[in-house]
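Engineer: This is the structure I have questions about; it appears just below.
Readers should treat all values here as calculations from the given coordinates under stated rules, not as data from a laboratory. Please read all numbers here as calculations on a predicted model, not as lab measurements. Cβ placement follows ideal geometry from the backbone for every residue including glycine, while neighbour counts extend to all protein chains displayed.
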Amino acid sequence: MALRDKNRFFDLRTFSRHIRSGRITREQYQEFVKALPDVAENIMDPEEGGDASDGYETLQDETNEQPQQPPTS
């Protein structure tokens, strides 16, 4: 039988379930997160084609606007 990847216990989508079931502890999770490499240098500036160019923020701003009240007569 193949060995399973231990990192799957620390997946952001499932770590809470693994903590509740006792497969990992919150301390183990915190150690795992601290050991992750810093990838901040990989973030592109919006002026160079980073996330702002995908239009997501603009779409979110438009959908979160309050509806305008019709003028009262």
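Engineer: Can you tell me which of 10-23, 35-48 comes out highest on packing, and rank the rest after it, using the mean Cβ neighbours within 10 Å?
Structural biologist: Highest to lowest by the protection proxy: 10-23, 35-48.
Engineer: Okay, next question. Would you mind checking which residues have amide H under 5 Å from ILE24's amide H? H placed 1.01 Å from N; only 5 or more apart, or other chain.
Structural biologist: Here ILE19 satisfy the definition.
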